[in-house]
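Read the structure below first, then the notes.
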Amino acid sequence: MKTLGDLFKTFKERGNATAFVYRTGVRRFVFSYRDLHVLSLRMARLLEERGVKKGDRVVLWAPNSPWWGIIFWGGGRARRDSGAGGFYVRQRTGGNHRETHRSETY
């Protein structure tokens, strides 16, 4: 395993193993690797539908939660460099797309 893309490919085969446990007050939500894989692909599709493409910069501003990971992995899939199979890591912002999520509505 050499890239984040390689790591992402392992999520599906890890199946129901726990990826995240998210606590909000008295509620406890468990996300499996399968959930992370499926939700990340859905996020990638949503970003692509909204016009995010290779080379775009996407700003990820969210509290620590499973949604942060889902947006991170989905954004990497939406903007994937198919030639190298890697993910873009941006030190500088200048994004032209914004996604928000209110974790309280989950």
Open item on the list: Against the definition (of a type in the set (Phe, Trp, Tyr), more than 20 Å from residue 5 (Cβ to Cβ) and surrounded by 15 or more Cβ atoms within 10 Å (Cβ to Cβ)), how does residue 73 come out, yes or no?
Closed with: no
TODO: For the stretch 35-45, state whether one or more residues are among the hydroxyl-bearing types (Ser, Thr, Tyr) and under 11 Å from residue 73 (Cβ atoms).
DONE: yes
TODO: Hey, can you tell me all the residues within the stretch 1-32 that are of a type in the set (D, E, K, R) and either surrounded by fewer than 11 Cβ atoms within 10 Å (Cβ to Cβ) or over 16 Å from residue 70 (Cβ atoms) (or both)?
DONE: 2, 6, 9, 13, 23, 27, 28
- [ ] Report, ordered by the first and then the second residue, all pairs with beta carbons closer than 6 Å, sequence separation of six or more or different chains, a first member in the stretch 61-87 that is among the basic types (Lys, Arg), and a second member that is modelled with pLDDT under 80 and surrounded by fewer than 18 Cβ atoms within 10 Å (Cβ to Cβ).
- [x] 79/54; 79/88
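The values are calculated or read from the model by the stated rules, or taken from the named source; none is laboratory data. From a predicted model like this one, the values you see are computed outputs, not experimental measurements. Note: ideal-geometry Cβ built from the backbone for every residue, glycine included; neighbour counts use all protein chains shown.
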